[in-house]
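What follows is one structure encoded as structure tokens, with my remarks underneath.
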Amino acid sequence: MCGRFALYSDPEILARRFGVPPPPDYQPHYNIAPSQPILMLRRPGEEKEFSLARWGLVPHWAKEVKTGYSMINARAESVAVKPAFRAAFRRRRCLIPADGFYEWQQKPGSKLKQPWFVTLKEGQPMAFAGLWERWYPPQEQDGEPLESCTIIVTDANKLMRKIHDRMPVILSPETWETWLDPMYNDVPALQSLLKPYPPEELTAWPVTAKVNNPRNDTPDCIEPAPNPGGI
């Protein structure tokens with residue numbers, strides 16, 4: 001799964017990387033957790049745009065917002081058919097920019113887990129495959145519409161298997177336009193994009209337990225732990 005990530009690149013870097021104006025009201029974050037508003041790139045019409053959405057997809061048919069708490073990830077193998085995701089998979093796909101993500105490795109012979117930070121070797125922001133949805137409260141409830149999103153996950157690649165058995169789907173730049181096109185609905189072709197990212201293009205290092213607490217959201221969250229090991 002993917003339950004924590006970081007996005008701290010300068011907004012001008014994000015604008016150049018994704019070919020859209022800089023995101024409005026952007027703040028860097030080093031420890032993004034579920035239920036928080038996160039940045040997504042979508043194409044609701046002719047133009048792409050950055051927008052904020054709550055992390056944890058709330059299907060349009062859900063009776064209450066808390067349904068999204070269990071929808072932070074969608075499995076690549078079933079995303080096209082699972083009722084919570086299939087409509088969004090066809091029309092409301094998005095990219096979720098990240099500078100890197102965290103995963104926890106079980107320590108042999110211990111109940112403790114070692115957090116790792118994973119990023120692109122080239123140092124550029126990556127793009128997770130995501131879905132977004134707009135939820136309206138039932139008529140008997142007051143409230144505003146809510147936009148939410150989820151991150152698609154797949155099997156771990158060779159690098160990640162040493163840490164965890166799953167990883168977020170990272171899309172390469174040449175696939176972004178296809179993924180964002182709301183009129184493109186070739187399901188087999190779309191699913192073929194949901195594969196493990198080449199391990200040779202990623203790097204990872206252990207970080208301290210500070211990242212375990214989502215209240216900690218400072219640059220030292222991504223700093224290598226003392227006496228780091230390699231994978």
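Here are the numbers for the structure shown:
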| item | result |
| --- | --- |
| Hypothetical label at S78: residues of segment 148-184 whose amide nitrogen lies under 18 Å (7 Å Cα-Cβ projection) | 150-156, 165-169 |
| DSSP-defined antiparallel bridges as percent of all bridges, segment 5-222, nearest 5 | 90 percent |
| Electrostatic dipole magnitude of the chain [Cβ: Lys, Arg +1; Asp, Glu -1; Cα centre; debye, to 20] | 900 debye |
| Where N is the number of residues in segment 5-222, Cα Rg divided by 2.2 N^0.38 Å | 1.00 |
| Of K162/K210; K66/K195; K107/K162, pairs whose Cα-Cα distance is over 23 Å | K66/K195 |
| Cα centroid separation, segment 27-73 to segment 89-148 (Å) | 8 Å |
| Calculated [θ] (222 nm, deg cm²/dmol) that DSSP helices of n ≥ 4 give over the chain, each run adding -39,500 (n - 2.57) | -2500 deg cm²/dmol |
| Relative contact order of the chain, pairs being alpha-carbon contacts under 8 Å that are 6 or more residues apart, as % | 22 percent |
| Nonlocal amide H pairs with A74, under 5 Å, H built at 1.01 Å | I151, I152, V153 |
| Computed lengthening from K195 to Q36, 0.36 nm per intervening residue step minus Cα-Cα distance | 54.6 nm |
| GluC sites (Glu not before Pro) restricted to segment 1-68 and DSSP loop, no more than 15 other C-beta within 10 Å | E46, E47, E64 |
| Loop trypsin sites (Lys or Arg not before Pro), segment 114-173 (other Cβ atoms within 10 Å of the site Cβ: 16 or fewer; DSSP) | K121, K158 |
| Listed residues G109, Q139, I151: farthest to the positive end of the dipole of the chain (Cβ charges) | G109 |
| Test item: Cα-centred dipole of segment 120-231, Lys/Arg +1 and Asp/Glu -1 on Cβ, debye | 680 debye |
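No lab work stands behind these numbers, since they all come straight from the coordinates. Since we're looking at a predicted model, the values are computed, not measured. Positions of Cβ are generated from backbone atoms using ideal geometry, with glycine treated the same way; all protein chains shown enter the neighbour counts.
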